[in-house]
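Okay, structure first, notes after.
The values are calculated or read from the model by the stated rules, or taken from the named source; none is laboratory data. Since we're looking at a predicted model, the values are computed, not measured. In this analysis, Cβ positions are derived from the backbone assuming ideal geometry, glycine residues included, and neighbour counts consider all displayed protein chains. With ligands, DNA and RNA removed, areas are computed over all heavy atoms of the protein, side chains included. Shrake-Rupley method; radii C 1.70, N 1.55, O 1.52, S 1.80 Å.
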Amino acid sequence: MPTVDLATTPLRELNAALHRTKAGGDTSWQVLNPRGQHSVATGVDAPVTVEIDGSVGYYCAGMNKQASVVDQRECRAGRRREHDVGRGSRVAETHREPAGATGCGGLLVIDGNASARCGISMKGIDIVVKGSVGHISAFMAQAGNLVVLGDAGEALGDSIYEADLFVRRHRQAALARIASRSRWPDEHKAVLLKLLNAAGVGNEVDVNSVPPLRLGAQALPLPHR
Amino acid sequence: MEIFKEVGRPDEVARRFDLAGMAGTHAIGHTRMATESAVTTNGAHPFTTGLDECLVHNGSLSNHNAVRRDLIRQGLSFQTENDTEVAAGYMTWKMREGASLEQALDASLSALDGFYTFVVGTEAGFGVLRDPIACKPAVMAETDRWVAFGTEYRALVDLPGVENAKVWEPEPARIYRWERH
C-alpha cells in the first residue's frame, strides 16, 4: 500500500500517481500530513481507496470517479464532484463549506458536523451527516438525499428542487411551518434505512426519528435580522 | 497599534517589514484581492477606524458609495475609493456617536449591504463578524493559549497545538470578541 507523506512529497506527485493508477493497480493509498492543502486526491478515476490522515482544504476528492476517500480526522473539505454511484467518501468532520457540493453521485458520510452549505446544488449524491449542518445547506439541491442526524442551520433547502432531505432536529421555526411530518411513504423509509446502513448507523438510528422534510416549491426566505 | 501596508507578494512584504522580528499579544494580517477599487498601497487593509482600532474585510460591499456620502455629511473624510474604508468609517462614526464596538458591529449588519467577513482589531483584542448570508469563508481555532481566525484552515496550520485546538466556523450575523484583561 503506497504511503505518501505530503510533508515531503509535493501534492502534484500524489495526484499524478493517483491519476496513473488503473484498475488492478494499487488499490489502497495512505496520505499523511496534508496540513490543510487544497485539492488532495482530486480527479481520481480508478476503484481505489485513499485514506487521509489529517486536515485537508478545499476540493478534497473533487472530480472523483470510482474512488473512496476517507479522512479519519477532520476534513476542511470543499467542493467535490462525485460521479460514482458505487463508492463514496467518508470524513470525520468538516468545518469547511460546502461539503458534497454539486455532487452527482456516490455517498458522502460525515461522522461529525458539516459546516455551511452542505450539499449545495447536489445533483444526485447521497450525503449522511451524523452531526449537524450549517446554514443554507441543500441550497438549490436538485437530486439526491441529504440525511442530517443533528441540527440544520438557517435556510435549509432554500430554492430546493427534487432532492430529499431527512433531518432529525432543526432550529428554524419557519421550516417547521412548511414541513409536514404526518405521513411518509414506505419507500422513503426504505431509502433512508439504506443510507443509514451504508453510513454504518442503521442499527443505531430509528428511521422514524429522521422524518423527511417536505419543503414548499417556493424559496425559503433568506436569513435576515 | 501599528499598521503596515504595502503592495507586493506577502512573503516579500513580511520580510520588508521584518514581521518575524516583531512581538506582541495580537496581530491581524490581510492579503487583499481588490474588487471595488484599484490595487494600491492606500487601498490595502487594514483601515483604521479610530485610535487603536483597525478593520480588515473579506468580501465586497454594494452600498458603500451611498454610505460614504452619508458619512461625509456627518463630517468624516475618506482617502480612497475603497469599500472597506467606508466600513471602517461607519464603525468610527457609530462609536463617535457613543456606540460600543459591539453595538457598531451590530448596527453594521443592517447598515452595510454586501458580502463581508470583518475582523476588527483593538488595543485589547479583536472581534469577528460575518454577514447574515456568510458566503465568504471563515474558520476559527482556540486553545488555552491562543485564539486565531483565518479565511482557510491552511492559514492556521502552523500554529502550535492547532491539531488539538477547538476549531469551528463562526456563525453568520454573530459577533465574536476576545479581549485581554
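At a glance:
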quantity	calculated
Selection count where residues are open to solvent by 20 Å² or more (accessible area, probe 1.4 Å) and outside any loop (DSSP other than H, G, I, E, B), scope the range A:146-166	1
Members of the range B:117-133 found to be open to solvent by 10 Å² or more (accessible area, probe 1.4 Å) and within 12 Å of another protein chain (Cβ to nearest Cβ), listed by number	B:132, B:133
Failed item, numbered, when residue A:173 is tested on (1) open to solvent by less than 30 Å² (accessible area, probe 1.4 Å); (2) modelled with pLDDT under 90	(1)
Residues of the range B:99-113 that turn out to be within 23 Å of residue B:32 (Cβ to Cβ) and surrounded by fewer than 18 Cβ atoms within 10 Å (Cβ to Cβ), as a count	2
Condition check for residue B:117: in a loop (DSSP other than H, G, I, E, B), closer than 19 Å to residue B:36 by Cα, of a type in the set (Ser, Thr, Tyr) and in contact with a strand residue (DSSP E or B) (Cβ under 9 Å, 6 or more places away or on another chain)	no
Residue ID - nearest to residue A:169 (Cα to Cα), chosen from residues in the range A:112-128 that are away from chain B (no Cβ under 14 Å) and buried (at least 24 other Cβ atoms within 10 Å of the Cβ)	A:128
The range B:134-155 - residue that is among the hydrophobic types (A, V, I, L, M, F, W, C) and surrounded by fewer than 21 Cβ atoms within 10 Å (Cβ to Cβ) and, of those, farthest from the other protein chains (Cβ to nearest Cβ)	B:146
Positions within the range B:156-170 being out of contact with any His (no Cβ under 6 Å at 6 or more places or on another chain), facing chain A (nearest Cβ under 9 Å) and part of a strand (DSSP E or B), in sequence order	B:168
Test result for residue B:169, charged (D, E, K, R), within 17 Å of residue A:55 (Cα to Cα) and within 18 Å of the chain's Cα centre (by Cα)	yes
All positions within the range B:160-181 that are farther than 12 Å from residue B:146 by Cβ, in contact with a strand residue (DSSP E or B) (Cβ under 7 Å, 6 or more places away or on another chain) and exposed (fewer than 14 other Cβ atoms within 10 Å of the Cβ)	B:179
Every pair of residues 6+ apart whose Cβ atoms lie under 7 Å, when the first sits in the range B:153-181 and is within 22 Å of residue A:153 (Cα to Cα) while the second is among the aromatic types (Phe, Trp, Tyr)	B:170/B:176
Selected residue (only one of A:132, A:115 is at pLDDT below 85, farther than 16 Å from residue A:195 by Cα and not hydrophobic (A, V, I, L, M, F, W, C))	A:115
Answer from A:166, A:139 - the residue that is more than 14 Å from chain B (Cβ to nearest Cβ), over 11 Å from the mean Cα position of the chain (by Cα) and at pLDDT 60 or above	A:166
Single residue of the range A:26-45 satisfying the filter (away from chain B (no Cβ under 14 Å) and crowded, with 18+ Cβ neighbours inside 10 Å) that is farthest from residue A:106 (Cα to Cα)	A:31
Residue check for residue B:85: away from chain A (no Cβ under 14 Å), among the acidic types (Asp, Glu) and touching a residue at least 12 places away in the same chain (Cβ under 8 Å)	yes
Which numbered condition residue B:30 fails, given (1) in a loop (DSSP other than H, G, I, E, B); (2) out of contact with any helix residue (DSSP H, G or I) (no Cβ under 8 Å at 6 or more places or on another chain); (3) loosely packed, with under 13 Cβ neighbours inside 10 Å	(3)
Selection within the range B:51-86 - buried (at least 16 other Cβ atoms within 10 Å of the Cβ) and touching a helix residue (DSSP H, G or I) at 6+ places or on another chain (Cβ under 7 Å)	B:55, B:57, B:60, B:61, B:64, B:67, B:68, B:71, B:76, B:83, B:86
